[in-house]
Amino acid sequence: MIKKNFTIKACAAALALLHTSPFLSAAEEEKSMDKMWGEKESLNIEAKHPALKWFKDDKYAMFIHWGLYSEMGGVWKDKTYYGIGEWIMHMANIPVEEYKGFASQFNPEKFDATQLVKLAKAAGMKTIVITAKHHDGFALFDSDASDFTVTKATPYKRDLMKQLADACAAEGIRLGFYYSQNQDWTEPYGGEYKGKRPKGYKPADFNIYFEKKVIPQVTELLTNYGDIAMVWFDTPGDMPKEYSQQLVELVTKLQPDCLINSRIGGGYGDYVSLGDMYVPPVRPNVGAWETVDTTNNSWSYAWYDQNWKSPKTICERLVRVAARGGSYMLNVGPKGDGTIPEQAVVSLEASGDWVKAHSEAIYGTTASPFDQGFSWGDITTNGNDLYLHVFDWPAKGALRLPNLGANIKSAIILDDGSEVEVTEDGSILEVHLGSQVGRDLSIIPVVKLTLDSPAKVTNQATQVDGLTPVTLLAEMATTDACSEKGYRWMEKFGEWKHDHFIQGWESKDSKVTWDINVLEPAQYSVTVEYSCENDAANSEWILSCGDESITFITFESGADSTKSFQPGPARQRNFKVNLGVLDIPKAGLNQIQVTPRILKGKGIGIKGITLQPYR
Ligand code: JFZ
């Protein structure tokens, strides 16, 4: 049996796909994509840097993608390129000289560093990390190592990073720099250069770029702008490990307190940056980590992108990440003129009001005692205090938790201190919210539960509470002669989506198991979400819980048109199908299992099984 502890997938990995060598097979491409982000190696990162204290306590940072591409806003020569805006040089195949020439149009006269820093503060964020240099090679700072900088190549001429550093220092916000160490599309010796290589070029010439640009620029960034909280490196790709090591030594020498993220490559870094936008459903087992996310879809400003996250969604994602023990870095993409899109400002300010009103439930907290979240919301912890963040008010007005191995001393609504009734029935704790209904509470009410000792959760099985629907995801399963695999694909260019599936069924004896802790023995209606390739169509399956079972047949789920960005076979769409009613007669620990009855091909990919109380 393989117990799936969370493994970091290079899930959203790899724009690399589009610029890896044309001589690689699909399997090799897959491998080089994993390598692109250096995440496999990063699994061994031991979280021991003293600065991780603030990183873990503060939880929340602002990410900023800003550069020449922001002025283009997703448009090149009257054509819109849908996808992450900062990749427009790549998407539109803009020749190096033309791209560089565009710097004459970058003139962010409306940029106000203080206003930006104040926005981060209003949002409840404690750190700002900005693209000092992205893959296009353009520097938002003055540099002796390049002429392709805001100071030398634009009409604006002033050092933007200096302004930001001063504003951060004045306002008490930490500053970090994003620096693309490997990819540099305008440097003839940089990684994934987009123009014609100089005569006699050999891959080892990367060294020229590294010595002449990376080392001097990282030195400048860590010398001329005061205390730097972190350098956020990205896309190491196949850059030899020695370079990553050299950067670690440089950063540590110049500013020993400065953190480095795992995308430096080579297995280095102080903490792990998960695949883009991934909020892990099960607590990762990787030391310190962060999720990076966007306020809309694209990292840098794109004129058409209006998929703004609501204030509540922002708060929910922050809480989910904090509840799994991580930190959250949320991106905004200023426009070329330096202003922030209005909707991002509105959402950040409104979510910030909630964060501030519930600051004790966020800052300085630790993960939930439960490795997984709940469908009604999630939990953060501080010593004997548990904070229950209620995203969805439960229909019956009560939240059910298993006994926490401690006595309850008090339960209040954090908003206003009003008392909440809690009852205990043997192994079950009920938090009664009925009397709160109709009251004017904040977007996510928080119940503060004070215990007489820290909560103890002895079994990490998924809690099936009999009140709310519960989805058993592939990531939570234990597999036997089948396996859990993360798939990734792009919708618009660079917007990675990921699904995890139980797949690769070897025989009729293969099985997948989910441990559940049933708080209410009852009937549950069962839904399965699966993808199924043509050769696995008409497979038959048995889903069981003890002696009770449901038999079902699966059908081809159809290929997705986004497959062109996906290596290997076409990505299948998912089907979500109601399977019927399952009796779970026994409270306490149970197992939900799925096994093939008649297996065709390698079988289906199961994304999840939902148990919904049947009434
Ligand atoms: C990288 C950049 O290429 C992108 O422009 C943006 O800056 C983003 C934050 O980082 O893109 C990545 C990097 C890593 C993964 C996915 C996209 N990953 O590991 O899944």
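The values are calculated or read from the model by the stated rules, or taken from the named source; none is laboratory data. The model shown is predicted, which means the values in this text are computed figures rather than measured ones. No Cβ is skipped: glycine too gets one built from the backbone with ideal geometry, and neighbour counts run over all protein chains shown.
Do we find that ASN261 is buried (at least 22 other Cβ atoms within 10 Å of the Cβ) and not β-branched (Val, Ile, Thr) in this structure? Yes, satisfied. Each residue in the range 257-290 was checked for being more than 22 Å from ALA477 (Cβ to Cβ) and touching a strand residue (DSSP E or B) at 6+ places or on another chain (Cβ under 9 Å), and 19 pass. Contact map, the range 311-330: first residue more than 21 Å from ARG174 (Cβ to Cβ), second residue part of a strand (DSSP E or B) and modelled with pLDDT of 95 or more, Cβ cut-off under 6 Å, separation 6 or more or different chains; pairs are VAL319/ASP378; VAL319/HIS389; ARG320/ASP378; ALA323/ASP378; ALA323/ILE379; ALA323/THR380. All conditions in (1) at pLDDT 95 or above; (2) closer than 29 Å to SER351 by Cβ; (3) within 16 Å of the ligand (Cβ to nearest atom) hold for MET239, with the sole exception of (2).
Per-residue answers, yes or no, for (1) outside any loop (DSSP other than H, G, I, E, B); (2) at pLDDT below 95:
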| residue | (1), (2) |
| --- | --- |
| SER507 | no, no |
| THR513 | yes, no |
| GLN523 | yes, no |
| VAL528 | yes, no |
| SER549 | yes, no |
| SER557 | no, yes |
| LYS563 | yes, yes |
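Filtering the range 310-328 for residues that are polar (S, T, N, Q), touching a Ser or Thr at 6+ places or on another chain (Cβ under 8 Å), more than 16 Å from the ligand (Cβ to nearest atom) and farther than 14 Å from LEU119 by Cα leaves a non-empty set. Looking only at residues of the range 212-236 that are over 22 Å from ALA170 (Cβ atoms) and among the polar types (S, T, N, Q), we find that the one that is nearest to the ligand (Cβ to nearest atom) is THR235. Here ASP136 fits the description: in contact (Cβ under 8 Å) with a residue 40 or more places away in the chain and of a type in the set (Asp, Glu).
Within 16 Å of the ligand (Cβ to nearest atom) and either in contact with a Ser or Thr (Cβ under 6 Å, 6 or more places away or on another chain) or β-branched (Val, Ile, Thr) (or both), is that true of VAL251? Taking the combined requirement at face value, the residue does not satisfy it. Selection of the range 171-180 for residues being away from the ligand (no atom under 12 Å from the Cβ), of a type outside the set (Phe, Trp, Tyr) and within 23 Å of the chain's Cα centre (by Cα) yields ILE173, ARG174, LEU175, GLY176. Applying the criterion of being of a type outside the set (A, V, I, L, M) and touching a Leu at 6+ places or on another chain (Cβ under 9 Å) to the residues of the range 355-371, the residue that is surrounded by the fewest Cβ atoms within 10 Å (Cβ to Cβ) is GLU360. Within the range 271-305, restricting attention to residues that are outside any loop (DSSP other than H, G, I, E, B) and among the hydrophobic types (A, V, I, L, M, F, W, C), the residue that is farthest from the ligand (Cβ to nearest atom) is VAL282. Within the range 167-193, being in contact with a Lys or Arg (Cβ under 7 Å, 6 or more places away or on another chain), over 27 Å from ASP238 (Cβ atoms) and assigned to a strand (DSSP E or B) holds for one residue alone: ARG174. Residues in the range 55-64 include none that are at pLDDT 80 or above, under 25 Å from ASN297 (Cα atoms), more than 21 Å from the chain's Cα centre (by Cα) and buried (at least 22 other Cβ atoms within 10 Å of the Cβ). Among the residues making up the range 425-457, those that are of a type in the set (D, E, K, R), in a strand (DSSP E or B) and at pLDDT 90 or above are GLU430, LYS448.
Results for (1) within 15 Å of the ligand (Cβ to nearest atom); (2) within 27 Å of CYS258 (Cβ to Cβ); (3) charged (D, E, K, R), shown as yes or no for each residue.
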position: LYS56; (1), (2), (3): no, yes, yes
position: MET62; (1), (2), (3): yes, yes, no
position: HIS65; (1), (2), (3): yes, yes, no
position: MET72; (1), (2), (3): yes, no, no
position: VAL75; (1), (2), (3): no, no, no
position: PRO95; (1), (2), (3): no, no, no
position: TYR99; (1), (2), (3): no, no, no
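Within the range 116-166, the set of residues being more than 16 Å from the ligand (Cβ to nearest atom), closer than 30 Å to VAL319 by Cα and in a loop (DSSP other than H, G, I, E, B) comprises ALA123, GLY124, MET125, LYS126. Filtering the range 44-79 to residues that are of a type outside the set (A, V, I, L, M, F, W, C), within 27 Å of PRO188 (Cα to Cα) and either in contact with a helix residue (DSSP H, G or I) (Cβ under 7 Å, 6 or more places away or on another chain) or touching a residue at least 40 places away in the same chain (Cβ under 8 Å) (or both) leaves HIS65, GLY67, TYR69, SER70, GLU71, GLY73, GLY74.
Out of LYS602, LYS576, one residue alone is of a type outside the set (Val, Ile, Thr), farther than 19 Å from GLN463 by Cβ, surrounded by fewer than 15 Cβ atoms within 10 Å (Cβ to Cβ) and in contact (Cβ under 8 Å) with a residue 12 or more places away in the chain. It is LYS576. Of all residues in the range 397-419, those satisfying the criterion of being part of a loop (DSSP other than H, G, I, E, B) and loosely packed, with under 15 Cβ neighbours inside 10 Å are GLY405, ASN407, ASP416, GLY417, SER418.
For the range 324-360, residues that are closer than 21 Å to TYR178 by Cβ and part of a helix (DSSP H, G or I) total 2.
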